[in-house]
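Chemist: If you scroll down you'll find the structure; I have some questions about it.
Read the figures in this text as sums done on the coordinates, not as results from a lab. The structure presented is a predicted model; accordingly, all values stated were derived computationally and were not measured. Glycine gets a Cβ as well: all are built from the backbone with ideal geometry, and neighbour counts include every protein chain shown.
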Amino acid sequence: MKTGTMTLTGTLADRDAWTADLCSIDLALGVVGTRSGMLIMREAHYGTTRYDDFVSRVGVTEKVAAGRLRDLVDAGLLERRPYRAPGSRTRHEYVLTPAGADLAPVLLALMQWGDRHLTGERGPALHAHHRECGAPVTVQARCCRGHAVAGEDIALSATPAADDARAPDAQP
């Protein structure tokens, strides 16, 4: 039976000998780890750019939306750009940066997981498909040689950055 459990190798194999304080998952969740943050990023990927639209589409208060948008701009995932409708004052819209656009596979993976495990008999509300050919879009772990890789076939090893952080003279 496949478990999906990844294998920690090398210096990582002894779980008590290290901590995951440099974990990229932890760093990423520090940026978009709130429900409202992820839903704002979802909306940005769907083409939402205006503050009022984020508030109504995400279903959060104006205060929450303002805070999350500020956090996402500060993190470099969204860029704040001025615009002015005729007869109105200058306002700002929020557009994806390259770093924000790179979250597309993460959002699609969450959607795919939710479709598979949470939607039940009613099924998913949305269908992601390739605009050119119409085929479903899926997210899958692949190695650089193109092989599909299951969780249990993934090995994690420390990088020089992790080794440097564990050195006795490393600065916090």
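Chemist: Nearest 20 debye, what's the magnitude of the dipole of the chain about its Cα centre given +1 on Lys and Arg Cβ and -1 on Asp and Glu Cβ? All intermediate terms of the calculation are to be shown ahead of the outcome.
Modeler: On the way: 20 positive and 21 negative charges, 185 e Å.
With Lys and Arg at +1 and Asp and Glu at -1, about 880 debye.
Chemist: Okay, next question. Quote the relative contact order of the chain in percent (integer), defining contacts as alpha-carbon pairs under 8 Å separated by 6+ residues. Let's see the in-between values first.
Modeler: Details: 156 pairs, mean separation 50.1, N = 172.
Reported as a whole number, the value is 29 percent.
Chemist: Same structure, new question: Can you compute 3J(HN,Hα) from phi for each residue in the range 73-83, using the Karplus curve 6.51 cos²θ - 1.76 cosθ + 1.60 with θ = phi - 60°, rounded to whole Hz and x for Gly and Pro?
Modeler: 5, 4, 7, x, 8, 10, 10, 8, 10, x, 8
Chemist: Still on this model: Give the calculated FRET efficiency between ASP26 and ASP153 to the nearest 0.05, with a Förster radius of 22 Å applied to their Cβ-Cβ distance.
Modeler: Working: r = 24 Å, r/R0 = 1.07.
Rounded to the nearest 0.05, the efficiency is 0.40.
Chemist: Under the rule of at least 5 residues apart or a separate chain, name every residue whose amide H is placed under 5 Å from the amide H of VAL149.
Modeler: Here the answer is ALA141, ARG142, CYS143, since their amide H atoms fall under 5 Å of that of VAL149.
Chemist: Hey, another quick one. So, with +1 on the Cβ of K and R and -1 on the Cβ of D and E, and no other charges, what is the size of the charge dipole of the range 22-121 about its Cα centre, to the nearest 20 debye? Walk me through the numbers before you get to the answer.
Modeler: Values: 13 positive and 12 negative charges, 88 e Å.
The calculated dipole for the range 22-121 is roughly 420 debye.
Chemist: Taking the convex hull of the Cα atoms, report for the range 1-96 its projected area averaged over all directions, in nm².
Modeler: 9.5
Chemist: Run through all the Cα pairs of the range 41-151 and give the fraction in each 5 Å bin from 0, expressed as whole percent.
Modeler: It works out to 2, 10, 15, 18, 18, 15, 10, 7, 3, 1, 0, 0, in whole percents.
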